[in-house]
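The values are calculated or read from the model by the stated rules, or taken from the named source; none is laboratory data. On a predicted model such as this, the values are computed, not experimentally measured, just so you know. Here the Cβ positions follow ideal geometry from the backbone for every residue, glycine too, while neighbour counts run over all protein chains shown. Keep in mind that these areas ignore ligands, DNA and RNA; they rest on the heavy atoms of the full protein, side chains included. Shrake-Rupley method; radii C 1.70, N 1.55, O 1.52, S 1.80 Å.
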Amino acid sequence: VMDRAVVSLLPVMLLLAVLLALDSYKLVKLRAVAGAVACGALVAALMVPVNGLLLDMLRMSVTPFSRFVAPVTEELLKASVIVALLRTRRIGFLVDAAIYGFAVGTGFALAENAYYLRLLQDASPGTWVVRGFGTALMHGGATAIFAMTALALVERRASPRALFPGLLLAIALHAGFNQFLLSPRASTVGIVAALPPIFYAVFAFSERSVSEWLGKGFDADAAMLELINSGQFAGSPAGRYLQALKGRFEGPVAADLLCYLRLYTELSLRAKGILLMREHGFHASVDAATRETFAEMRYLERSIGRTGVLAIQPMLGMRQRDLWQLYMLGK
């Protein structure tokens, strides 16, 4: 029993640990990963009654159901966890998208394989090799691919339609694996051979992207903060834009817009500083003063309202990663 558990559960956990180790900026905390794994396991638990109900409704046998229906329902529910993380600004880069996605898939695979360990006690050792090195890694890889694709497309176009290409890719990978067009073991070998290079390439690209974003963003934030504090902000393009907004808002709200811009820029600088320290091996956490600044910015956000936040966004450059850095400071 122990051998079957090790073979079916350990590989996906090891790959998740490797992904965490490769994250030099430590974008995702361990407790957040544990939460994503737990969400994935919950999704797997929900799929047992859902798939049972669908089997009865569709009057299908298990084999065609696992090939054509289960990939859709399972990837939809796993994707819902990633969508929630995107909407709450917890994902900003491909690295953390890959980690969160694989963590959700890991939780799903662990729960599913634990269920089958009890259900299929007489299964051959080859079954557990396929489930541990193939099915489990496929679940993690499919959800990671959805998370990375969704993040990349949401940054370009903030629309629900940006989620569909990644979802279709995840479903295609899942369904393709379940077809076993060659053989279960050949499909498993394909998954084991393909996923590590894909993740390595994604992490290498994302590391360069983060480094470039930190460099350019740090300089831009520093210049904006210096401009605000210098007293010459009113004559700048951003200042003229803010002056144009005054006619649309009451006096106190217009003043709050400038305060909001200053606090946002300060927090953005601090977030980038924390990432730079982590990159060089220093432990960096959010201090009390930063949390107070964040609380003040949240107060101003309520004061200026949703319309004010939307109006000032052109000066903030609020992309997904910019929103993510504020979430990082607010944790």
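Counting only residues that are of a type outside the set (A, V, I, L, M, F, W, C) and open to solvent by less than 50 Å² (accessible area, probe 1.4 Å), which one in region 71-97 is nearest to the chain's Cα centre (by Cα)?
ASP96
Within region 111-120, count every residue that is open to solvent by 10 Å² or more (accessible area, probe 1.4 Å) and in contact (Cβ under 8 Å) with a residue 60 or more places away in the chain.
Residues of region 111-120 open to solvent by 10 Å² or more (accessible area, probe 1.4 Å): 111-112, 114-120.
Now drop any that are not in contact (Cβ under 8 Å) with a residue 60 or more places away in the chain, which leaves 111-112, 114-117.
Of the residues in region 111-120, 6 are open to solvent by 10 Å² or more (accessible area, probe 1.4 Å) and in contact (Cβ under 8 Å) with a residue 60 or more places away in the chain.
So which residues in region 221-247 are open to solvent by less than 60 Å² (accessible area, probe 1.4 Å) and in contact (Cβ under 8 Å) with a residue 24 or more places away in the chain, if there are any at all?
Result: ASP221, ALA222, MET224, LEU225, ILE228, PHE233, ALA238, LEU242, LEU245.
Considering region 162-185 alone, what residues qualify as being farther than 14 Å from GLU74 by Cβ and either buried (at least 18 other Cβ atoms within 10 Å of the Cβ) or modelled with pLDDT under 90 (or both)?
Residues satisfying the conditions are ALA162, LEU163, GLY166, GLN179, PHE180, LEU181, LEU182, SER183, PRO184, ARG185.
Does ARG90 qualify as being of a type in the set (Lys, Arg) and touching a helix residue (DSSP H, G or I) at 6+ places or on another chain (Cβ under 8 Å)? Please lay out each step first, then the result.
On the way: of a type in the set (Lys, Arg): yes; touching a helix residue (DSSP H, G or I) at 6+ places or on another chain (Cβ under 8 Å): yes.
Taking the combined requirement at face value, the residue satisfies it.
Determine which single condition LYS26 fails, assuming it passes every other condition in (1) open to solvent by less than 30 Å² (accessible area, probe 1.4 Å); (2) under 15 Å from the mean Cα position of the chain (by Cα).
(1)
Considering only residues that are of a type in the set (A, V, I, L, M) and either free of Cβ contacts under 8 Å to residues at least 40 places away in the same chain or over 16 Å from GLU112 (Cβ atoms) (or both), look in region 48-65 and name the one that is most open to solvent (accessible area, probe 1.4 Å).
Step one: filter region 48-65 for residues of a type in the set (A, V, I, L, M), giving 48, 50, 53-55, 57-58, 60, 62.
With the extra rule that they be either free of Cβ contacts under 8 Å to residues at least 40 places away in the same chain or over 16 Å from GLU112 (Cβ atoms) (or both), the set shrinks to 50, 53-55, 57-58, 60, 62.
Numbers: VAL50: 59, LEU53: 104, LEU54: 43, LEU55: 44, MET57: 130, LEU58: 86, MET60: 60, VAL62: 104 Å².
If we take residues in region 48-65 being of a type in the set (A, V, I, L, M) and either free of Cβ contacts under 8 Å to residues at least 40 places away in the same chain or over 16 Å from GLU112 (Cβ atoms) (or both), then MET57 is most open to solvent (accessible area, probe 1.4 Å).
Go through region 100-143 and give me each residue that's among the acidic types (Asp, Glu) and assigned to a loop (DSSP other than H, G, I, E, B). Walk me through it before giving the result.
Let us first name the residues in region 100-143 that are among the acidic types (Asp, Glu), namely 112, 122.
Residue satisfying the conditions is ASP122 alone.
Which residue, of PHE102, PHE68, PHE108, is open to solvent by 60 Å² or more (accessible area, probe 1.4 Å), of a type outside the set (Ser, Thr, Tyr) and over 21 Å from ARG157 (Cα atoms)?
Answer to the check: PHE68.
Hey, does region 215-229 have a residue that's within 17 Å of LEU326 (Cα to Cα), assigned to a helix (DSSP H, G or I), of a type in the set (Phe, Trp, Tyr) and at pLDDT below 85?
So far as region 215-229 goes, yes, one or more of its residues are within 17 Å of LEU326 (Cα to Cα), assigned to a helix (DSSP H, G or I), of a type in the set (Phe, Trp, Tyr) and at pLDDT below 85.
Against the definition (open to solvent by 20 Å² or more (accessible area, probe 1.4 Å) and without any contact (Cβ under 8 Å) to a residue 12 or more places away in the chain), how does MET277 come out, yes or no? Spell out the reasoning first.
Working: open to solvent by 20 Å² or more (accessible area, probe 1.4 Å): yes; without any contact (Cβ under 8 Å) to a residue 12 or more places away in the chain: yes.
Considered against the rule, which asks whether it is open to solvent by 20 Å² or more (accessible area, probe 1.4 Å) and without any contact (Cβ under 8 Å) to a residue 12 or more places away in the chain, MET277 comes out as yes.
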